[in-house]
Amino acid sequence: MNSSEQPFVTVVIPALNEERVIGECLQALAGQTYPADRFEVVVVDNGSIDDTARIARESGAVVLDVARRSAYVARNRAIRETNGDYLAFTDADCVPEASWIETLVATETREQTGVVAGHIEYRMTFDSLGNRMLIASRSRDAIRELVCVHHCAPTGNVLYRRTLLEQYGPFDEQAYGSDVALSRRLAAAGHPPAFAEEAVVVHQCDLTSREYLSRTYWNNRGNALHDSRPVSVGRLLRELAEIPWRPGFRRVSEIQTAAPDQSRSPFLSTWLYAWASRFAAYAGRVSGTVGRMFQRNSTPSGNCASVPASGSVEERPSPVQLS
C-alpha cells in the first residue's frame, strides 16, 4: 500500500500544564514510521498556565484550547474539529515507540474491529508506593486480559475508527472511566477492541502515594457510575457487604519488587498501603452506586483521565481505566 492509500490518522493529546513531559511525547511522534503526510498531531490544551501550548506549536502540532479542565472534554473537542479517518489517543506523559501508529493501523486493517488498544509500559520517574502499585498491576498479560476479556480500551493508547465515535460517542464528560464505558459500549455493539501488543507507549509514572489512592477512589466511582446493571437498595447493600476485611498478603511481594532498579519497599508499609488501596476502591464503588441511586454524577475539577489506579489489589477482576 503506497502512502496515499494509507488512512489518515489524527493523534489526540489532552494536556494540562505538561511542559515537563510533552516535548518528549511530541518528539517521539515526529519520528513515527507511519507516513508523515498521513497523520497529524492535535494537542488540546486544558487551560495550561505554563509553556505547554507553546512547546506543542513549536513542535508542529495543531493546538486547540478548551476552558474546562477535563481530558474527556478535550478529546471530544478534537473529535468534533478534526477529520481523520481514525483517531489515535495518547497522553502528554506517554512516549510512543516509533512504529506505534503503523502497528495500530496495521492491526485495525487486519482485524477490522474499529477499535485497537496497544500496550502501555509503565516506568517510574520517582519511587513511591503508588507507582509501585501501578506497575505491579499492569503486566503485559494483565493489560491483554483487560482489553480482550473485559473490553477496556484506555485512551493512553487506543485507535478508533471515526465513524464509530460519531455513531456511539462521544466520551461521557461527567465521570471517570468514560473511555472504558465507551469501549464496552462498542464491544456490545459488535466492535470489541483488538489488542496490538507491539503498539507500545511508555507511560512515565509520577504518582505520589496519596494521588494513587485518590485516583483509585475516583476511577472505581466512575466505573460504578457507568455500570449498566439496575441499581437498587439491595445492590447497595451487597456493595457495602464487600468491605475488604481480609489482610490481602498475596501481592505484597510483587509490589515490593515492582521497581527492579530500586530496593524492596518495607513489608509492613507496603502491606498497609495495599490494604488502604483496597479500601479506596471499595469506597469509590459504594459512592458510585449511591450516586447512581440519586443521579449525582458530579466529579472533581481537574484532568479526569490522567492515570489509572483502580483494581490493582482487588480480589475480583473488574474493568479499569489504564491510561
Over region 1-25, the set of residues out of contact with any Gly (no Cβ under 7 Å at 6 or more places or on another chain) and buried (at least 21 other Cβ atoms within 10 Å of the Cβ) is Val11, Val12, Ile13, Pro14, Ala15, Glu18, Ile22, Cys25
Scanning region 186-212 for residues that are in a helix (DSSP H, G or I) and over 16 Å from the mean Cα position of the chain (by Cα), the one nearest to Val147 (Cα to Cα) turns out to be Ala187
Scanning region 170-179 for residues that are in contact with a helix residue (DSSP H, G or I) (Cβ under 7 Å, 6 or more places away or on another chain) and open to solvent by less than 10 Å² (accessible area, probe 1.4 Å), the one nearest to Pro7 (Cα to Cα) turns out to be Phe171
Quick check on region 199-206. Is at least one of its residues at negative phi and open to solvent by 50 Å² or more (accessible area, probe 1.4 Å)? no
By residue number, the members of region 135-169 that are open to solvent by 60 Å² or more (accessible area, probe 1.4 Å), closer than 30 Å to Asp261 by Cα and either touching a residue at least 24 places away in the same chain (Cβ under 8 Å) or touching a His at 6+ places or on another chain (Cβ under 8 Å) (or both) are Arg140, Arg144, Glu145
Per the filter on region 92-103, residues modelled with pLDDT of 95 or more and open to solvent by 10 Å² or more (accessible area, probe 1.4 Å) are Val95, Glu97, Ala98, Ser99, Glu102, Thr103
Output yes when any residue across region 104-112 is of a type in the set (D, E, K, R), in a helix (DSSP H, G or I) and surrounded by fewer than 17 Cβ atoms within 10 Å (Cβ to Cβ), and no when none is. yes
Checked region 235-258 for anything outside any helix (DSSP H, G or I) and out of contact with any Phe, Trp or Tyr (no Cβ under 8 Å at 6 or more places or on another chain); matches are Trp245, Arg246, Arg250, Arg251, Thr257, Ala258
Screening Arg75, Arg132, Arg123 for residues that are surrounded by 23 or more Cβ atoms within 10 Å (Cβ to Cβ), at pLDDT below 90, in contact with a strand residue (DSSP E or B) (Cβ under 8 Å, 6 or more places away or on another chain) and among the charged types (D, E, K, R) leaves only Arg132
Among residues of region 213-231 being touching a residue at least 60 places away in the same chain (Cβ under 8 Å) and in a loop (DSSP other than H, G, I, E, B), the residue most open to solvent (accessible area, probe 1.4 Å) is Val231
The residue from Gly23, Gly84, Gly47 that alone is more than 25 Å from Arg161 (Cβ to Cβ) and in a loop (DSSP other than H, G, I, E, B) is Gly47
Looking across region 259-282 at residues that are assigned to a loop (DSSP other than H, G, I, E, B) and open to solvent by less than 20 Å² (accessible area, probe 1.4 Å), the single one that is nearest to Ile243 (Cα to Cα) is Ser265
Residue count, region 33-44, condition open to solvent by 20 Å² or more (accessible area, probe 1.4 Å) and in a loop (DSSP other than H, G, I, E, B), comes to 2
With criteria (1) under 25 Å from Val200 (Cβ atoms); (2) modelled with pLDDT of 95 or more; (3) buried (at least 16 other Cβ atoms within 10 Å of the Cβ), Asp85 comes up short on (3)
- May I ask you to verify whether Arg285 is in a loop (DSSP other than H, G, I, E, B), more than 18 Å from the chain's Cα centre (by Cα) and modelled with pLDDT of 50 or more? no
Can you find even one residue in region 292-306 that is under 17 Å from Ser128 (Cβ atoms), modelled with pLDDT of 85 or more and in a loop (DSSP other than H, G, I, E, B)? no
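The values are calculated or read from the model by the stated rules, or taken from the named source; none is laboratory data. Keep in mind the model is a prediction, meaning the values are calculated, not measured. Cβ sites come from the backbone with ideal geometry, for glycine too, and all protein chains shown count toward neighbours. Keep in mind that these areas ignore ligands, DNA and RNA; they rest on the heavy atoms of the full protein, side chains included. Shrake-Rupley method; radii C 1.70, N 1.55, O 1.52, S 1.80 Å.
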